[in-house]
Amino acid sequence: MPTSGLIITLQPEPATRAAAVARLRTRPELTLGEVSDRWLPAALETRDDAESRELHDWLMAQPGVAFVDVVSVNFEPTLSLQPPPSP
């Protein structure tokens with residue numbers, strides 16, 4: 001259950017940036033921070049490495065996204081993705 005810290009570099013045009021951020025907000029795997037100039041911090045939580053790669057490729061293909069930097073990866077289970085405790 002990898003959790004990745006990302007810095008997403010957006011295109012410089014304000015309308016393109018806004019459309020990209022709106023599209024990224026539709027993905028439940030992403031938790032987005034606040035846009036600062038052209039940079040958007042994000043956390044990506046996925047089931048496995050293959051899903052992480054798939055989502056990274058999807059991010060890079062989005063209009064308005066110039067680049068995606070992976071700044072950290074944690075392979076420990078996170079609370080949001082762990083199954084509920086047994087009774």
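The values are calculated or read from the model by the stated rules, or taken from the named source; none is laboratory data. All of these numbers come straight from a predicted model, not from anything done at the bench. With ideal geometry, Cβ positions are generated from the backbone for all residues, glycine too; neighbour counts draw on all protein chains shown.
Brief remarks on what is shown
- Which numbered condition D69 misses (of (1) surrounded by 15 or more Cβ atoms within 10 Å (Cβ to Cβ); (2) not β-branched (V, I, T); (3) not in a helix (DSSP H, G or I)): (1)
- Only residues that are at pLDDT below 95 and in a strand (DSSP E or B) were counted across the stretch 45-66, and they come to 1.
- Here R25 passes the criteria (1) at pLDDT 95 or above; (2) of a type outside the set (D, E); (3) within 19 Å of V70 (Cβ to Cβ); (4) exposed (fewer than 13 other Cβ atoms within 10 Å of the Cβ) except the one numbered (3).
- Pairs, first within 15 Å of T46 (Cα to Cα) in the stretch 19-33, second among the charged types (D, E, K, R) and surrounded by 14 or more Cβ atoms within 10 Å (Cβ to Cβ), C-beta under 9 Å, six or more apart: P28/E45; E29/E45; E29/E51; L30/E45; T31/E45
- Any chance D48 is exposed (fewer than 15 other Cβ atoms within 10 Å of the Cβ) and closer than 15 Å to T3 by Cβ: yes
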